[in-house]
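Written out below as structure tokens is the structure these notes cover.
The values are calculated or read from the model by the stated rules, or taken from the named source; none is laboratory data. Since we're looking at a predicted model, the values are computed, not measured. Neighbour counts are summed over all protein chains in view; Cβ atoms, including those assigned to glycine, are modelled from backbone coordinates with ideal geometry. Surface accessibility is based on the protein's heavy atoms, side chains included, excluding ligands, DNA and RNA. Shrake-Rupley method; radii C 1.70, N 1.55, O 1.52, S 1.80 Å.
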Amino acid sequence: MAPRRRHARMRLMNTTRSHPTKASQPGARDPFGAHLRHWRTHRRLSQLDLAQEAEVSTRHLSYVETGRAAPSREMVLRLAERLEVPLRERNALLVAAGFAPMYRQRSLDDPAMAAARRAVDLVLKGHEPFPALAVDRHWNLVAHNALVPLLMEGASPELLKPPINVLRLSLHPDGVAPRIANLAQWRIHLLERLQQQIAATGDAVLQALHDELAAYPPPAVSHDAPVIDTALSAVAVPFQVVMPSGVLSFISTITIFGTPVDVTLQELAVESFFPADEQTAAALMALAAQQQQAG
């Protein structure tokens, strides 16, 4: 019997709103059953649902969850796959069950990650003269191309101290927020996207970040923003930022590694911004030319 999928993977511009449970994630010393129960309830699956998806008996799954039976390594990986547990948490499941972690976790600056780092840098550089940046699982800035600092101009120095959290920088009253022409729309978009990521990962740090961002008061600013194209807004939420040359309008896409075998790679995302109109494209090309002359 083919396993049923009751929850969808996080996808760019996914409009489905799902909310994680409030139960805290088990710690490193908690038994495997506690980890399994956390992810099962987080995915809103009953023991019967999960047993059918994993093709095991409900009784055996109950025994594993209550600690009356020990799972095999194969069983741990099968359950993690059916529950779509992120690689970092799959390692935690394996350790809790008495097995060695399976997925490596290395810094992007690690020599063993040189090929991945080159790939990221090529994507960022190749996207110029348009902005592009890479972030980790908590939206901390990992790398960026030459155009990104232009969007950060005017932000408080405190927000620009590493690690720079790009979501905090975007929505903080002392960050980029006062220069976002469609701040209300962009704020809703970022919070919904973050909520989707929380639902997929169950990450408590992301939940705390969401709560912080949601508490920011929208700045009382007014900009003569261009009218948002209705057809465009049905496909992607634009990002409109006020620059000295005028209001620049962007749409963005997120690139992730399709089949990562490393925790760091699975959690890495590259966000590329594209001009949403000809005026923005021309302005960015002019800015890029100025940077080359200044360099």
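Hey, any idea what % of the chain's accessible area is carbon plus sulfur with a 1.4 Å probe?
On the way: 8590 of 15210 Å².
Carbon and sulfur atoms account for 56 percent of the accessible area of the chain.
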- line: Distance in Å, no decimals, from the C-alpha centre of segment 197-214 to the one of segment 91-106 is 23 Å
statement: Counting only DSSP beta bridges with both partners in the chain, the antiparallel fraction in percent, to the nearest 5, comes to 95 percent
message: Quick query: amide H of H144 versus all other amide H atoms, modeled in the peptide plane; which residues come in under 5 Å with a sequence gap of 5 or more or a different chain?
response: A134
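Report the semi-axes of the equivalent ellipsoid for segment 145-185 in whole Å, largest first, where each axis is √(5λ) for an eigenvalue λ of the Cα gyration tensor. Display every interim value, and only then the final one.
On the way: eigenvalues 52, 30, 16 Å².
Semi-axes from the Cα gyration tensor: 16, 12, 9 Å.
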- line: Ratio for segment 101-177, C-alpha Rg to 2.2 N^0.38 Å, reads 1.23
message: Within 10 Å of each candidate Cβ there may be at most 12 other Cβ atoms; applying that plus a DSSP loop requirement, which GluC sites (Glu not before Pro) in segment 83-161 survive?
response: E153
task: Loop only per DSSP, at most 16 neighbouring Cβ atoms within 10 Å: give me the trypsin sites (Lys or Arg not before Pro) in segment 42-86, ordered by residue number.
output: R44, R68
- line: The ³J(HN,Hα) series, computed from each phi in segment 132-137 with the Karplus coefficients 6.51, -1.76 and 1.60 at θ = phi - 60°, rounded to the nearest Hz and given as x for glycine or proline, is 7, 8, 10, 10, 8, 5
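Based solely on its DSSP helices, what 222 nm [θ] is calculated for the chain when runs of n ≥ 4 H residues each add -39,500 (n - 2.57) and the sum is averaged over all residues, nearest 500 deg cm²/dmol?
Numbers: 13 runs with 128 residues, N = 295.
Rounded to the nearest 500, it is -12500 deg cm²/dmol.
Calculate, for segment 53-195, the solvent-accessible area per residue in square angstrom, rolling a 1.4 angstrom probe over the heavy atoms of the protein chains.
46 Å²
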Among [x] 57, 49, 35; [y] 59, 49, 43; [z] 67, 41, 37, the entry that matches Cα extents along the principal axes in Å as calculated here: [z]
task: Evaluate the Debye formula for segment 28-177 with equal point scatterers sitting on the alpha carbons, no solvent, and hand back log10 of I(q)/I(0) at q = 0.09, 0.11, 0.19, 0.22 Å⁻¹, in q order, two decimals.
output: -0.48, -0.64, -1.01, -1.23
